[in-house]
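Colleague: Just passing along the structure, written as structure tokens.
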Amino acid sequence: MTQILEPGSLAGRRALVTGSSRGIGADTVRYFAEAGADVVVNFRNKAPRAEKLAEQLRELGVRALVQGADLTDPESVAAMMDAVREEFGGLDILVLNASGGMESGMEEDYALKLNRDAQLSVLDAALPLLGEGARVVFVTSHQAHFIRTTPTMPEYEGVALSKRAGEDALRERIPELEERGIGFTVVSGDMIEGTVTATLLNRLNPGAIEERREQAGKLYNVSEFAAEVARAAVDPVPADNTRLVGDTSSFGAEDK
């Protein structure tokens, strides 16, 4: 993996990435650690995988705190933030990466609970730890970001709508965040090869990934997209608080 952020550029900084035991979250947290940040690896139910990643990151000479939390449970989130405060004293980067809603056997409103309510609850719990100059990044997909103007696959519509609801609710907090000197950026990506969501959609809708790849010309893989998420935490905040990754030509312009 190539170095994405300047070595040492995040020395002394502390970063929490939700859902970082695998996939985009794991690669994002690794990029932060490679740049010298102390990191929190958060997972829902895969402790061994999170511990293994944290061990690798500690070899880079940074501190890595492993925190299991059910983000839909405010008490669980509060306990995680207490541990972060105790261990690191605060946070400089919060990446809201964890999402879901396509899992089987979950209650009907689970997608909204996780993709909207839990995002706000994590932000609220983290706010006392985030000082001036801190950054918050929300990770979403074009299929969710543009859902109002461009229909998505029926299998994904509920998740897309819930993620857009989460994005809207977080955007409402921008004035308050700016007042505190905290930057906020939404990173929206096209279908990402190798993610759980893309794999599930392709299973439900055979050929979906290939079709989208042909349309877009290129699809990002997990580590490439994670690099964009990591950069969003250090690059200047875009004027519209949005970083679009990958082709957007087949999505209708978003009505602001």
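Colleague: How large is the helix-only mean residue ellipticity at 222 nm for the chain, computed as the sum of -39500 (n - 2.57) over DSSP H runs with n ≥ 4, divided by its residue count, in deg cm²/dmol to the nearest 500?
Modeller: -12000 deg cm²/dmol
Colleague: May I ask for the distance between the Cα centers of region 38-70 and region 178-221, given as a whole number of Å?
Modeller: Their Cα centres are 24 Å away from one another.
Colleague: For a label point 7 angstrom out from the Cα of residue 83 toward its Cβ, which stretches of region 1-27 have the backbone nitrogen within less than 17 Å?
Modeller: 15-22, 26
Colleague: Note down the relative contact order for the chain as a percent, whole number, built from C-alpha pairs under 8 angstrom at least six residues apart.
Modeller: Once divided by the residue count of the chain, the mean separation gives 19 percent.
Colleague: Would you please give the FRET efficiency between residue 215 and residue 148, computed as 1/(1 + (r/R0)^6) with r the Cβ-Cβ distance and R0 = 25 Å, to the nearest 0.05? Mind showing how you got there, number by number?
Modeller: Numbers: r = 20 Å, r/R0 = 0.79.
In this case the efficiency is close to 0.80.
Colleague: Can you give the net charge of the other residues whose Cβ lies under 15 Å from the Cβ of residue 87, counting K and R as +1 and D and E as -1?
Modeller: Local net charge: +1.
Colleague: Still on this model: For region 132-233, which trypsin sites (Lys or Arg not before Pro) pass both filters: DSSP loop (anything but H, G, I, E, B) and at most 15 other C-beta atoms within 10 Å?
Modeller: 148, 180, 218
Colleague: If you don't mind, another one. Suppose we look only past 24 Å in the calculated P(r) of region 123-256. What percent of the Cα-Cα pairs does that tail hold? Walk me through the numbers before you get to the answer.
Modeller: Details: 2787 of 8911 pairs.
Pairs farther apart than 24 Å: 31 percent.
Colleague: May I ask you to give the percent of accessible area on the chain that is carbon plus sulfur, with a probe radius of 1.4 Å?
Modeller: That fraction is 47 percent.
Colleague: Further, regarding this structure: Using the heavy atoms of the protein chains alone and a 1.4 angstrom probe, what is the accessible area of region 1-151 per residue in square angstrom?
Modeller: Values: 6420 Å² over 151 residues.
On a per-residue basis, region 1-151 sits at 43 Å².
Colleague: Once you list every other residue whose beta carbon is under 13 Å from the beta carbon of residue 165, what net charge do they have if Lys and Arg are +1 and Asp and Glu are -1? Write out the running numbers ahead of the final one.
Modeller: Values: positive: 113, 116, 148, 163, 164, 171; negative: 109, 117, 157, 167, 168, 172.
Neighbour charge sum, excluding residue 165 itself: 0.
Colleague: May I pose another question? To make sure I understand the rule: partners must be aspartates and glutamates, Cα under 17 Å from the Cα of residue 52, and not fewer than 8 residues away in the same chain. Which ones qualify?
Modeller: Leaving aside aspartates and glutamates fewer than 8 places away in the same chain, those within reach of residue 52 are 27, 34, 38.
Colleague: Separate question: Counting only GluC sites (Glu not before Pro) that sit in a DSSP loop (anything but H, G, I, E, B) with at most 14 other Cβ atoms within 10 Å, what is the longest stretch of the chain containing none of them?
Modeller: 173-256
Colleague: Report the net charge of residues surrounding residue 21, where surrounding means a beta-carbon distance below 13 angstrom and charges are Lys +1, Arg +1, Asp -1, Glu -1.
Modeller: +3
Colleague: Multiply the residue gap between residue 104 and residue 58 by 0.36 nm, knock off their C-alpha separation, and tell me the result in nm, one decimal place.
Modeller: Net length gain for the segment: 13.1 nm.
The values are calculated or read from the model by the stated rules, or taken from the named source; none is laboratory data. As the structure is a computational prediction, the values presented were derived from the model and not from experiment. Virtual Cβ from ideal backbone geometry, glycine too; neighbours counted across all protein chains shown. Ligands, DNA and RNA are stripped out before the accessible areas are found, and what is left, the full protein with its side chains, is counted by its heavy atoms. Shrake-Rupley method; radii C 1.70, N 1.55, O 1.52, S 1.80 Å.
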